[in-house]
Structures are given as structure tokens and as C-alpha cells.
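Novice: Could you have a look at this structure, given as C-alpha cells, before my questions?
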Amino acid sequence: MKDDLLLDPLIDILVNAKNIAVLTGAGISAESGIPTFRGEEGLWKQYRAEDLATPGAFENDPSLVWEWYDWRRGIIGSKDPNPGHFVLASWEKDFPSFHIITQNIDGLHQNAGSKNVLELHGNIWKLRCTGKGTLFDDQNIPLEEIPPLCSDCGALLRPHVVWFGESLDMGILNDAFLLSRECNVMFVVGTSAVVQPAASLPLTARESGAAIVEINPDATPLTAYVDFSFRGRSGEILPLIDKKLIQAQKPGKD
Ligand code: OAD
């Protein structure tokens with residue numbers, strides 16, 4: 001495999017790295033069976049996410065939007081983390097500083113055991129009061145009522161996710177840029193790197209001197225700027241890197 005040529009120099013960097021950041025997108029959950037946004041099986045093509053994931057759609061027809069989220073929660077809720085998620089969860093214990101910055105709302109990083117996870121686009125298992133902003137955890141599939149109402153004040157609840165035309169949480173975004181500036185290595189896994197501001201994070205890391213490692217079966221607008229490009233599935237490449245890293249840290253072990 002030609003990627004082997006890349007592995008040794010990457011492992012040399014990783015054994016000395018103190019601070020790792022990982023930007024993930026829908027591709028890391030693809031092998032769990034969750035369709036990506038822009039792939040052939042992508043949610044957008046089948047269900048016109050751009051028409052539903054907007055404040056305007058919710059204003060017009062909250063029940064329709066909630067039915068769509070209820071359906072998505074059903075898909076996501078039946079899926080498990082894959083080897084890519086599990087390798088990242090294990091690395092949290094191996095490096096002095098290790099953080100995941102994810103665009104995903106599926107919660108699979110946390111299900112795999114990751115604790116240091118910044119969710120740029122929210123979480124589908126959280127509901128937010130449109131009145132007072134109170135957050136509620138809700139794992140019910142299906143939801144108990146559609147549209148769900150706030151148990152405190154009776155206002156509509158909405159999914160705690162970022163919709164088209166909405167801004168990201170400034171605190172989370174600032175933390176993401178800080179992590180990007182401070183890391184020695186940034187992995188960019190399973191993202192088409194076309195949605196801002198997430199797509200700027202690897203460039204920020206690069207400007208600050210980090211090595212950038214992209215894992216994706218396809219090229220992206222970022223590929224020309226990365227130090228290591230592994231063209232493959234994250235559920236296969238991450239375990240491969242992990243195996244080499246363990247061998248380098250514990251010579252003699254397979
Ligand atoms: P996309 O659907 O745009 O991109 C998924 C990427 O994953 C593509 O580049 C694929 O080539 C790659 N991919 C597919 N299978 C893979 C695998 N097994 N291993 C690794 N990579 C794989 O999804 P995102 O980049 O996450 O935002 O999209 C970014 C944002 O666009 C989403 O968070 C969403 C959407 O607008 C909001 O909803 C706010």
C-alpha cells in the first residue's frame with residue numbers, strides 16, 4: 001500500500017507530539033452506517049436537508065422539521081461507533097493533550113469513550129427551549145410528542161443543532177481556534193472541508209506550525225495544503241496508524 005511510505009515519517013512526529021487536535025466530519029461515521037451529507041447516499045440528496053435545517057422551515061412547520069429529526073434520530077440511534085471512533089477515543093489517554101473538534105451531531109465520539117469533544121454544530125440528542133434557551137437531554141426514539149414542548153415554560157423545543165444561516169456558538173468556536181493554534185498535529189478526518197468556519201481550522205493549525213494529516217477516500221480543497229494525505233476510510237487508516245504507533249512506542253510488540 002503506497003500509504004505505508006507516509007506512515008513512518010508520521011509515526012516519528014506522533015511519538016514526540018504532545019498536543020493533538022482532530023477535526024472530524026460526517027465521513028468518520030460513514031462506516032457506522034450514517035450517510036454523509038454530500039455523498040451519493042447523502043441525506044441532502046434524498047431528503048433536501050437544506051430545506052428543513054433552517055430557522056425559516058422551523059417557523060413555517062415545526063412538526064415537519066421535528067418529524068425529519070425524529071427520523072434521523074432513529075437512524076443514528078441504531079448505529080454504533082466504528083474502529084475510527086475507537087482509535088481516537090484511545091488516543092485521548094495516550095497524548096498529554098488530545099481534543100476532537102467535530103462537525104457531527106451524532107454523539108458517536110462520546111459513545112466510543114471520547115471525553116474531550118467540541119461539538120461545532122450541536123448534538124441531535126439535545127433539545128433547546130426556544131423561549132429561555134434551556135437545554136434538555138432526550139434519547140427517546142421516537143420522541144414522546146411532536147413538536148416537543150418545554151416542560152418548564154411550554155414554549156416549543158428545537159433541536160440543539162446549528163442550522164443554515166445560523167452562527168456557531170462563539171465560545172465553542174473560539175476554543176476550536178485556540179486548539180488549532182496550539183496543536184503539534186491536526187488530523188482532518190472524513191470532512192469535505194467546504195463548510196466554514198470549520199474548514200478554516202486546519203489552515204489555522206498549519207499557519208501555527210502544526211503538521212496536517214488528512215484521512216479521506218477523496219481529495220478535498222484542503223488536500224493540496226496537507227503534509228500527509230491518506231486516501232482511504234478512516235475506520236481502516238486510523239487503526240493502521242494506531243498499530244504502527246504502538247509498535248514504535250513498545251518495540252517488540254505486535
Ligand atoms: P460531507 O458529507 O460534506 O463530507 C463527508 C466527507 O467524508 C467526504 O469528503 C467523503 O469523501 C468523506 N468520507 C466518506 N466516507 C469516508 C470514510 N469511510 N472515511 C473517511 N472519510 C470518508 O460532510 P461534512 O464535511 O461533515 O453542517 O459536512 C460539513 C457540514 O456540512 C456538516 O456538519 C453539516 C453540513 O452543512 C451543518 O449541518 C451545520
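The values are calculated or read from the model by the stated rules, or taken from the named source; none is laboratory data. Here the structure is a predicted model, which means the values were calculated and not measured. Glycine also receives a Cβ, built like all others from the backbone with ideal geometry; neighbour counts cover every protein chain displayed.
Novice: Scan the stretch 170-185 for residues that are away from the ligand (no atom under 16 Å from the Cβ), surrounded by fewer than 22 Cβ atoms within 10 Å (Cβ to Cβ) and in contact (Cβ under 8 Å) with a residue 12 or more places away in the chain and jot them down.
Specialist: Asp175, Phe177, Arg181, Glu182, Asn184
Novice: Going by the conditions given, is Trp91 away from the ligand (no atom under 16 Å from the Cβ), of a type outside the set (Asp, Glu) and either surrounded by 19 or more Cβ atoms within 10 Å (Cβ to Cβ) or at pLDDT below 95 (or both)?
Specialist: yes
Novice: Looking at the stretch 216-254 only, could you name the residues that are more than 9 Å from the ligand (Cβ to nearest atom), farther than 24 Å from Lys93 by Cα and of a type outside the set (D, E, K, R)?
Specialist: Passing the criteria: Pro221, Leu222, Thr223, Ala224, Tyr225, Val226, Ser229.
Novice: Of (1) farther than 29 Å from Ser78 by Cα; (2) away from the ligand (no atom under 12 Å from the Cβ), Gly165 satisfies all except one. Which?
Specialist: Here Gly165 meets the rest and fails (2).
Novice: Residue by residue through the stretch 69-88, note down the ones that are more than 24 Å from Ser200 (Cα to Cα), assigned to a helix (DSSP H, G or I) and not acidic (Asp, Glu).
Specialist: Within the stretch 69-88, Tyr69, Trp71, Arg72, Arg73, Gly74, Ile75, Ile76, Gly77, Pro83, Phe86, Val87 qualify.
Novice: Please work out if Ser208 is surrounded by 15 or more Cβ atoms within 10 Å (Cβ to Cβ) and either polar (S, T, N, Q) or within 10 Å of the ligand (Cβ to nearest atom) (or both).
Specialist: no
Novice: Quick check on the stretch 48-56. Is at least one of its residues within 18 Å of Val194 (Cα to Cα), under 16 Å from the mean Cα position of the chain (by Cα), of a type outside the set (A, V, I, L, M, F, W, C) and at pLDDT below 90?
Specialist: No.
Novice: Anything in the stretch 58-80 that is without any contact (Cβ under 8 Å) to a residue 12 or more places away in the chain and either surrounded by 15 or more Cβ atoms within 10 Å (Cβ to Cβ) or charged (D, E, K, R) (or both)? List them, or say none.
Specialist: Selection gives Glu59, Asp61.
Novice: Something else about it: List the number of the failed condition for Thr36; all other conditions in (1) surrounded by fewer than 16 Cβ atoms within 10 Å (Cβ to Cβ); (2) within 13 Å of the ligand (Cβ to nearest atom) hold.
Specialist: If we test Thr36 against (1) surrounded by fewer than 16 Cβ atoms within 10 Å (Cβ to Cβ); (2) within 13 Å of the ligand (Cβ to nearest atom), just (1) comes out false.
Novice: Sort through Val213, Val188, Val194 and tell me the only one that's within 16 Å of the ligand (Cβ to nearest atom) and in a loop (DSSP other than H, G, I, E, B).
Specialist: Every option except Val194 fails the conditions.
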